[in-house]
2 protein chains.
Amino acid sequence: MNQAVTHISAPRAREADEQIAVLAKALAHPARIGIVRMLLERQTCVGCDVVEHIGLAQSTTSQHLQILKAAGIILGEIERPRVCYSLNPRAVDLLKTLVDAISTHTTISSR
Amino acid sequence: MNQAVTHISAPRAREADEQIAVLAKALAHPARIGIVRMLLERQTCVGCDVVEHIGLAQSTTSQHLQILKAAGIILGEIERPRVCYSLNPRAVDLLKTLVDAISTHTTISSR
DNA sequence: GCTCTATATCGTCAATCGACGATTAACGAT
DNA sequence: ATCGTTAATCGTCGATTGACGATATAGAGC
């Protein structure tokens, strides 16, 4: 039972690796980190604000938003003709769980 | 002062975005997540074990290890003819700080 | 000096990413 | 019905990634 968290069976572990990698990949671009930061500061915001804030073309920005949305990191609520974006608390929890697991291990194990 | 954490000046924020993105990018591949997970389970390990564990070619594995090392996520101590890899506690702290910041915000702000 | 072992680096190739402008879609307002 | 606004999607192009095998490097041991 004490191994429950640590030692997942191999195939499951691979799946988990895949999922985490997807999350990391979605965050692996400064523009997308910028969007996340923006959503932290103002707790919600509209697409055209994002375009203005990060200074890329509208189409490019939309792409970045789609990537974040596909990874479940942000939510987009339609408010015609706008879309209102916000962080997905579930994704934040997932991230937190992950990093907690890592930091627990390193605290215990790395001297 | 209460804004110190939240509201960093724009150019600094961009730098921070860049740095975080670099970190995320280094983790944005299942093989590399697998390596990190491996280093969590055994607290340290040698390159050739990694090759065997993740099942990619030696050259490919070495590349992944270099990427993680370049991002500061792992450390490689030379023990001729091997290299002994371990997680870098500083990187873990960095990640933790980041996610803590995010989760604090979402807890406070998103109802 | 060679040979073995463990890593790192090089060169190549297909696949993916990230940027852009142009176009399309959906609706509210006139 | 037409116009204006906001987002999403398409098509394209150069740059980057990830895979591999081949080669290079560095030291231990004979």
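Every read-out reported here was derived from the displayed coordinates using simple, explicitly stated rules and does not represent laboratory data. Keep in mind the model is a prediction, meaning the values are calculated, not measured. Cβ atoms come from the backbone with ideal geometry, glycine included; neighbour counts cover every protein chain shown.
Taking a cut-off of 16 Å between Cα atoms, list the lysines near residue A:25, but don't count ones fewer than 8 places away on the same chain.
Straight-line reach from residue A:25, under 16 Å: A:69, B:25.
Taking a label point 7 Å out from Cα toward Cβ, give me the nm distances from residue B:52 to the same spot in the other copies, shortest first, one decimal.
Copy-to-copy label distances at residue B:52, shortest first: 6.0 nm.
Amide H to amide H under 5 Å from residue A:46: which residues, 5+ apart in sequence or cross-chain, H placed 1.01 Å off N in plane?
Long-range HN contacts for residue A:46: A:85.
Per-residue mean of other chain beta-carbon atoms within 10 angstrom of the beta-carbon, peptide A:78-87?
The shielding value for this peptide is 1.
Through the Karplus equation 6.51 cos²θ - 1.76 cosθ + 1.60, θ set to phi - 60°, convert the phi angles of segment A:24-36 into ³J(HN,Hα) values in whole Hz; use x for Gly and Pro.
These are the phi-based 3J(HN,Hα) values: 4, 4, 5, 9, 8, 8, x, 4, 6, 4, x, 5, 4 Hz.
Tell me, B:17, A:93 in order of fewest to most beta-carbon neighbours within 10 Å?
Listed from fewest to most nearby Cβ atoms, that is A:93, B:17.
Can you work out the Karplus-derived ³J(HN,Hα) for every residue in segment B:55-65? Use 6.51 cos²θ - 1.76 cosθ + 1.60 with θ = phi - 60°, whole Hz, and x for glycine or proline.
Here the 3J(HN,Hα) series is x, 10, 4, 4, 5, 5, 4, 4, 4, 4, 4 Hz.
What nm distances, shortest first, do you get from the label point of residue A:96 to those in the other copies when the point sits 7 angstrom along Cα to Cβ?
Reported distances to equivalent positions: 1.5 nm.
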